[in-house]
Each structure stands twice: as C-alpha cells, then as structure tokens.
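Values quoted throughout were computed directly from the atomic coordinates according to the rules given, and no laboratory measurement underlies them. All values reported here derive from a predicted model rather than from experimental measurement. Ideal geometry is used to build each Cβ from the backbone, glycine not excepted, and the neighbour counts take in all protein chains shown.
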Amino acid sequence: MSQWSEDLIAVDRAKTLDGLFVQRVSRSPDRVAYRYFQKGTGWQQLTWREMGQWVARWNHALAGEPLDAGDRVAMLLRNCPEWVMFDQAAYALGLVTVPLYTDDRAENAAYILQDAAVKVLLVQDAGRWRRLAEAVGDAPWPLRVVILEASPAARALAESDPRVVVAEDWLPETAPPLTQRNDDPRSLATIVYTSGTTGRPKGVMLSHRNILTNAHSVLTLINVYGEDLFLSFLPLSHMLERTGGYYLPLMAGSTVAYARSIGQLAEDMQSIRPTVMIAVPRVFERVYQKIADQLETGPTPVRWLFRLAVASGWRAFLHAQGRGGWHPLLLLWPILKRKVGQPVIDKLGGRLRAAVSGGASLPTGVAHTFIGLGLPLIQGYGLTETSPVVSFNPLEDNIPESVGVPIRGIQTRIGADDELLVKGDNVMQGYWNNHAATTKVLSHDGWLHTGDQAHIENGHIYITGRIKDILALSNGEKVPPGDLETAIAMDPLFEQVVVLGEGQSHLSALLVLNADLWSGLAREYGLDPDRPESLEDAQLHKDIVKRIRLALKDFPGYAKVRRVTLTLEPWSIENGLLTPTLKVKRNKVVERYQEHIEAMYAFEG
C-alpha cells in the first residue's frame, strides 16, 4: 500500500459533474481511465487524455442538434466508455441526462422518453431501437436517435427514418478540448426514474451538487486511491453503480473496468483482478449457495474444515474490530485462511480491498461466511432519492447486521412508525412533473421520508422493514414479508418468493421453483415433472411447508407459512413481474396469481 496515492478532487473545485471530468483530465491525463473488452482484440484501455478527446467529439456532435440548456437527452446503453462520453458531453452543454435500463420493457422506456420530453436518445444497436420505436409509435419524442453500433441494419434505419443517425457518421473527427463551465452546482444534472414496483416510475431529479457531495462524503469514510481498479457490472442506469462505480472513481482518479456480462463475471474477476467491487446481495448469495451445494455433496471432513475456517475467521474479524477478545480459534486462523479462505478469495480475483453490497438487505449468514473467509465485505444503504448513499459500514467499524453509519453531511432521525428520515445535500430536488408525489416524501424543511423502518444504535443504522410492506394478520401480529422471503430464498429449491397474509389468519407463499432441481424432486414423489398438475400434489405441498418452516425457524411462532402455490414460470422483466432493478412487483404478482391466492385462503387449517 506504500505506493498507493490519493488524488481527490474537491467538490468546490469541480463545481459540476462535467467540471469534475475536466479537472480529472487535466490532473492525470496519462493514467488509465477505463478498460473494456472488444471482440477480436480483447481487453482495451483509454487514458483520461483520450477520454477527454472523445468527450469533446460527442459534445461537438450534440452542440449541432437543436438543444438548449436544461433539455433532456437519454442513453439506452450497456456499461461502456461511450456511456460516460455521452453523459459528460451532455453536462458540458448544460443538458440533463436520463438513463434507461437496457433490460426494461419497451413500453416503460417509451413512457420515460415522453414524460421527460427527451430530445436526443443514444441507443446501443438497431434491434433495441426497433423494439423501442414500436412502443414510441407516433409520439413526438425523441427528435434524434443515435445508434452506437454501426451495422447494415443501423444504416438501413438511418436511410429510412430521418430521426436516426449512426454514431460514427454523426461524430466529428476532431473537436476543440472541453473547458470548465462556471454553472450553478445546484442546477439539474439528471432525472433517474425509479423502478416503479407499483404504478408508473417516478423521475428523481438530482443536481450536480447532490451527486458530487454524495461521492465526496463516501470518500471521507473509505480510502480510494488512484491505483484502485473498480469492476463495473451493475447497470449504470442504477444510481448505486453510477455514483459508486463512475463518479466516485472519477473523483479519486481510479480505473474502471467494464465486465462483459453477468454470465462472464467469474472469468472477468479472474482476469481483471479488481480491488473494489460494488454488487447487490444476490451476487453474493449465488456464490454462497454454490459453495454450500459443493459442501453438501463433499466429504464430511471438508465440511467440518470449512465451518471451522469460517468460525475462526469470524473470531479474527471481531478481534480486529475490537468487538471480541482473544480465543484459541485465533491460533488456527492463519493456516485456515491460507488453506480454505484464500482459494475462495482468489476466485474473486484475489485483490479485493472492499466488496460493497447495496440495493437490498444482505442476509446475515452470507455476510458472516464471506467475512469469515477473509473477504472485506461491507454493506450500505441508500435510495435513488439520496444520490444514492445514506450510510455504509467503514472497514474498521463493520457491523454486517447494520447498514453502517451515516456519511458526512447527512442527518438521520427516526420518525413516526419507526420510519427513517434523512436530510442533507444529497437529497433530491423532487420528482419530475409530480409535485403530489414529491410532497408525500419530502417535507418543507428538507426531511426525506424513506419508507424504511429502522433503529439507530451506537451510531449504526439497522433497517427493520418497509412501512408499506408490513403484513398485518387478522390476529394483530405484524410480519415483514421481505425478511421472510429472504430466508426462504436461501433454499436453492426456491428461485423467487412472495409471502402473503394481509388481513388473514395465517401466511401463505407464492414460490417459483428452481427448474433444474424440479425434475429430480418430482420423481422422488413419483410425479411427472412435465405435467402441470404435479405442482399441485398434496404431499409435495405438505413437505414444502415443512421445508419453509425450517427456513423460518428463527422467526416468531406466528410467522408460519401454512399454504403454498408452486410455479415454474420465472417472474421476469419481460412478463412484467420484475422491475429493471430485479425487484418483484408484488401487486402484479398478486394480480397474476389471484385465483391461486383465493384458493389458498378458501379454507383454514
């Protein structure tokens, strides 16, 4: 670490997000800014100087369109350097960027384009624009469509539709270098549409200062260096990745490598060997489950040794944190770390200084296992409306059951119904074109109602549930379905879970089964896995309920699931049951399975 150096750009020096970029290009022009994979040639890289030249060309092309400061432009791209180029080029003209999810349904993206009156859209390829164009129809926006990937199909679209151009034809060969603007830091920078688990998505308005202060405040709690290498694979349209994996490394002068795909993530981890990774809990859960499956089929001594390694590693972690005394297991940890922990860490590249989990709750058992194996895993908390980070666990004060301590400049308090309230420079300006929704969550004196229930202990925030998601049973007991669903989903048989019971005497569950495990399970019960009625077998349901009871053994006695509905059809973005951030649309799922739900509650017992 002695050769690692800090090179942070202050908020007041940057002023705006494009100012931050200009400062970085000036300060470290020859450092590697981005790495990306190109078919046929392998991994490529761009320096900050080269990025500056590219951004200037994109900026010049945008300046040739009929755009005024404050107009909206959108990008429908997977993570790549061009995402950054377009984003920065737009900021330098005072434009407002609107990111779209590449996996979102076309009608959702079309709604956003119209709601934000987007004038220019940068889209990945011809196929994506064709699908989106059908949903857009005769609507007026966008006025200009730029297709990034040149292909015969893209050129055919450009010839047949005057709105469409191919990026390489639209961009000038050269352009004058960018200079720093002297714009208002509180001007609108971006509109980020929330996932919309219920109803239409809402456009969160974030200023340059909202985002800059958020990134800088994170850097006061964790050291990030110019030599750090971030691996980016969460979509940049999500504020967690955008602030944590784009603006923050830009502020610190770190390098970002773009993973090829989730399917190739394991291979990219090995070749890139990142020092920082930002992920959602599901990524860690899948690795955890893979390890658990391998142990289940392995010899007993291997399982015993693994559990001993985790136990000793966890003791060593608590001791280093100052929350645990000396224990004989500490003597075993050095050798167990080398023999058991390090091979797992090596699968993740072997160099991680920090693995950050956010976006949803990380199961405690998963966190304990990875930390016990020696992975510096920290959990945080935030919302799109807070740019997004509210809190996270510092490496030296890491309590994985919590979501950490508030970052600098953020005030927190507990309001009515134990709701967490947040105030600070990172809190949004409001929802685009939706004053009514804004006034519901943002008080006149700047306190944001998060909708999450929490308590604060020794400075650490503990999220205990969602106000809207609490199920009130007919006996008066209140149950947080999210916690139950997380526990049930730890069983590899269950891919997706929704727990129900509002106003009822007991809980029930809708379960999407793991298709790979279903065939073997069905045959164990003498059932034909290809016949839909096999999913309704009474004995199978009875044993599934027992299996769930075991998963929920640590919950109160009244939190029992008594009836289930089984399906093999995954809930996906395509069938409208998942948001682009992979959150289940509970209302839509309930609507889809209404008959089954009525049947589960048609008789008690």
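Taking amide H atoms as placed 1.01 Å from N in the peptide plane, the amide H of V164 lies under 5 Å from those of V145, each 5 or more residues away in sequence or on another chain. Working note: Karplus 6.51/-1.76/1.60 with θ = phi - 60° gives segment 489-495 the couplings 5, 5, 6, x, 5, 9, 7 Hz, where Gly and Pro are set to x. Relative to the longest principal axis of the Cα atoms of the chain, the long axis of helix 126-136 makes an angle of roughly 80 degrees.
A simple charge model with +1 on the Cβ of Lys and Arg, -1 on the Cβ of Asp and Glu and nothing else charged puts the dipole of the chain at about 1300 debye relative to its Cα centre.
Between D7 and D68, the distance separating the two model label sites (each 7 Å from Cα on the Cα→Cβ line) works out to 4.0 nm. Helix 106-115 and the long axis of the chain differ in direction by around 50°, with both axes built from C-alpha atoms.
Listed by chain and number, the lysines placed with their C-alpha closer than 30 angstrom to that of K339 are K290, K347; residues fewer than eight positions away on the same chain are left out.
Based on alpha-carbon atoms, the Kirkwood radius and the radius of gyration of segment 471-600 give Rg/Rh equal to 0.95.
In summary, the convex hull built on the alpha carbon positions of segment 549-588 has an orientation-averaged projected area of 4.2 nm². In the chain, what percentage of the DSSP-assigned beta bridges are antiparallel, given to the nearest 5? Beta bridges within the chain, antiparallel portion: roughly 50 percent.
In units of the compact-protein estimate 2.2 N^0.38 Å, segment 23-182 shows a Cα radius of gyration of 1.04. An ellipsoid equivalent to segment 263-365, defined through the eigenvalues of its Cα gyration tensor, has semi-axes of 23, 18, 14 Å when rounded to whole angstrom and sorted largest first.
Here are some pairs, K119/K585; K119/K440; K553/K588; K468/K583; which of them have Cα atoms lying more than 25 Å apart in this structure? List each step's numbers first, then the result.
Numbers: K119/K585 30 Å; K119/K440 30 Å; K553/K588 29 Å; K468/K583 15 Å.
Going by Cα-Cα distance, K119/K585; K119/K440; K553/K588 fall outside the 25 Å limit.
For L471, nonlocal amide neighbours, meaning residues 5 or more places apart or on other chains whose placed amide H falls under 5 Å from its own, are V479.
Expressed as an acute angle from 0 to 90° and rounded to the nearest 10, what is the orientation of the C-alpha long axis of helix 17-27 relative to the principal long axis of the chain? Value to nearest ten degrees: 70. The distance from the alpha carbon centre of segment 198-245 to that of segment 397-411 is 16 Å, rounded to a whole number. Counting charges near A436 (Lys, Arg +1; Asp, Glu -1) among other residues having Cβ under 15 Å from its Cβ returns a value of +2. Highest-first packing order for the peptide set 256-263, 206-213 is 206-213, 256-263, based on the mean count of other beta carbon atoms within 10 Å.
Treat the count of other C-beta atoms within 10 Å as a stand-in for reagent exposure and order H435, H455, H506, H444 from fewest to most. Don't skip to the answer; put the middle values down first.
On the way: H435 9, H455 13, H506 19, H444 6.
With the sparsest Cβ surroundings first, the list reads H444, H435, H455, H506.
For the chain, a Kirkwood radius taken over Cα pairs fed into Stokes-Einstein (10 °C, viscosity 1.306 mPa s) yields D = 61 µm²/s.
Using per-residue counts of other Cβ atoms within 10 Å, averaged over each peptide, order 166-174, 323-331, 284-292 from highest down.
On the way: 166-174: 14.1, 323-331: 12.3, 284-292: 16.8.
For the peptides 166-174, 323-331, 284-292, the packing ranking is 284-292, 166-174, 323-331.
Using only DSSP helix segments of four residues or longer, with each worth -39500 (n - 2.57), what per-residue ellipticity at 222 nm results for the chain after dividing by its residue count and rounding to 500? Before the final figure, lay out the partial values.
On the way: 23 runs with 221 residues, N = 605.
Taken over the chain, the calculation gives -10500 deg cm²/dmol.
Farthest towards the positive end of the charge dipole of the chain, among the residues A437, V344, H506, is the Cα of V344, using unit charges on the Cβ of Lys, Arg, Asp and Glu.
For R181 and A139 in one chain, what is 0.36 nm times their gap in residues minus the Cα-Cα distance, to one decimal in nm? Using 0.36 nm per residue and subtracting the Cα-Cα distance, I get 11.7 nm. In a DSSP loop and with at most 14 other Cβ atoms within 10 Å, the trypsin sites (Lys or Arg not before Pro) in segment 14-63 are K39. Among P152, V136, P176, which residue has its Cα furthest toward the positive end of the charge dipole of segment 128-233, with +1 on Lys/Arg Cβ and -1 on Asp/Glu Cβ? Result: V136, furthest along the dipole toward the positive end. Farthest towards the positive end of the charge dipole of the chain, among the residues N79, F370, L188, is the Cα of F370, using unit charges on the Cβ of Lys, Arg, Asp and Glu.
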